[in-house]
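The values are calculated or read from the model by the stated rules, or taken from the named source; none is laboratory data. What you see is a predicted model; the values in this text were computed from it and never measured. Cβ placement follows ideal geometry from the backbone for every residue including glycine, while neighbour counts extend to all protein chains displayed.
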Amino acid sequence: MHIMDSSTLRFCRMCDIVASIPQDIGAYADKLYRLMPEGERAGEGLIKDRMSFCEGCDRNSTGTCLACGCYCLIRSMKKDNKCPKRKW
């Protein structure tokens, strides 16, 4: 039986479930970025530009987008992704 540490559990506003999230979202995002096909990756400058919009957005709750439920950093890493509020 796997027992989850309660510090890694978070209530999902979009689907009414409790989901496990990585404790270090930065390390998780880095790994996802490395695994993503190179042609699908956004460049570092584009990611920074997108994150600057997210950081000032009223729908950002500590890195989670309240408009769609995604992690802002992870959504910003794929070149073709769009902001659900059309800010980028």
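Brief remarks follow.
For (1) within 26 Å of LYS87 (Cα to Cα); (2) modelled with pLDDT of 95 or more; (3) touching a Cys at 6+ places or on another chain (Cβ under 6 Å), each residue gets a yes or a no:
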{"position": "SER7", "(1), (2), (3)": "no, no, no"}
{"position": "CYS15", "(1), (2), (3)": "yes, no, no"}
{"position": "VAL18", "(1), (2), (3)": "no, no, no"}
{"position": "ILE21", "(1), (2), (3)": "yes, no, no"}
{"position": "ALA29", "(1), (2), (3)": "yes, no, no"}
{"position": "LEU32", "(1), (2), (3)": "yes, no, no"}
{"position": "ALA42", "(1), (2), (3)": "yes, yes, no"}
{"position": "GLY45", "(1), (2), (3)": "yes, yes, no"}
{"position": "GLY69", "(1), (2), (3)": "yes, no, no"}
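- Looking across region 42-62, the residues that are of a type outside the set (A, V, I, L, M, F, W, C) and buried (at least 16 other Cβ atoms within 10 Å of the Cβ) come down to ARG50, ASN60.
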